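See below for the structure under consideration.
The values are calculated or read from the model by the stated rules, or taken from the named source; none is laboratory data. Please read these numbers as outputs of a predicted model, since none were measured by experiment. We place every Cβ from the backbone using ideal geometry, glycine too, and count neighbours over all the protein chains shown.
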Amino acid sequence: MTIKHIIFAIACTGTAAHAMAGPALDAAQAHFTAIGAADRAAILRDYADNARLIWVGGPLDGSYDGTASIGAVWDKFNAAAGPARVTVLNASESANPKGATVTAAVQFDAKVQVKVRYVLTYRDGKLVNETWQVDPKLAAGGY
């Protein structure tokens, strides 16, 4: 385990006892960072061709299939929010040979503050399903 993994795990959980970052957790952190940077190319690079983004709540509420549709959603979000500071309040990874799921509580501080309950599913290293649940009451101890 690298020092980067340990620091990320501590930031996500608040303790070193849970320092168990894996490939999907690393990919999720990179995804959150790309969203915060409003880096469309980096965001879209994460997705499988047949990916689905389910956005629950807020003006972008809906289900989006495929990278073209998902890219259009991120364009709208980036135009409205701009670059954001990203705080991962809590994250965990579950994995087996067929894939991995990351759950996280993430706060984006930009023109507006957006608190999100996140579920990301990876197969073969690509993001295949992403749920972005707007959660205004999300708190650091919420998981």
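Data table
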read-out	value
Inter-residue pairs, beta-carbon under 6 Å, first modelled with pLDDT of 95 or more and in the stretch 52-63, second surrounded by fewer than 15 Cβ atoms within 10 Å (Cβ to Cβ), 6+ apart	R52/D65; I54/S63; W55/D61; W55/G62
Scope the stretch 65-82; condition more than 18 Å from R45 (Cα to Cα) and surrounded by fewer than 17 Cβ atoms within 10 Å (Cβ to Cβ); matching residues	A79, A80, G82
Filtered residue count, the stretch 15-45, keeping only those that are in contact with a strand residue (DSSP E or B) (Cβ under 8 Å, 6 or more places away or on another chain), assigned to a loop (DSSP other than H, G, I, E, B) and at pLDDT 95 or above	0
Residue that is under 13 Å from the mean Cα position of the chain (by Cα) and small (G, A, S), where the choices are A95, A68, A30	A30
Of all residues in the stretch 98-113 being of a type in the set (G, A, S) and farther than 11 Å from V88 by Cα, the one that is modelled with the lowest pLDDT	A110
Search result, residues across the stretch 115-142 that are more than 11 Å from the chain's Cα centre (by Cα), hydrophobic (A, V, I, L, M, F, W, C) and at pLDDT 95 or above	V128, V134
Among residues of the stretch 92-122, those that are in contact with a Gly (Cβ under 7 Å, 6 or more places away or on another chain), surrounded by fewer than 16 Cβ atoms within 10 Å (Cβ to Cβ) and part of a strand (DSSP E or B), counted	1
All positions within the stretch 123-141 that are buried (at least 18 other Cβ atoms within 10 Å of the Cβ), assigned to a strand (DSSP E or B) and of a type outside the set (D, E)	L127, N129, W132
Tally, over the stretch 36-51, of residues that are surrounded by 14 or more Cβ atoms within 10 Å (Cβ to Cβ) and touching a residue at least 40 places away in the same chain (Cβ under 8 Å)	7
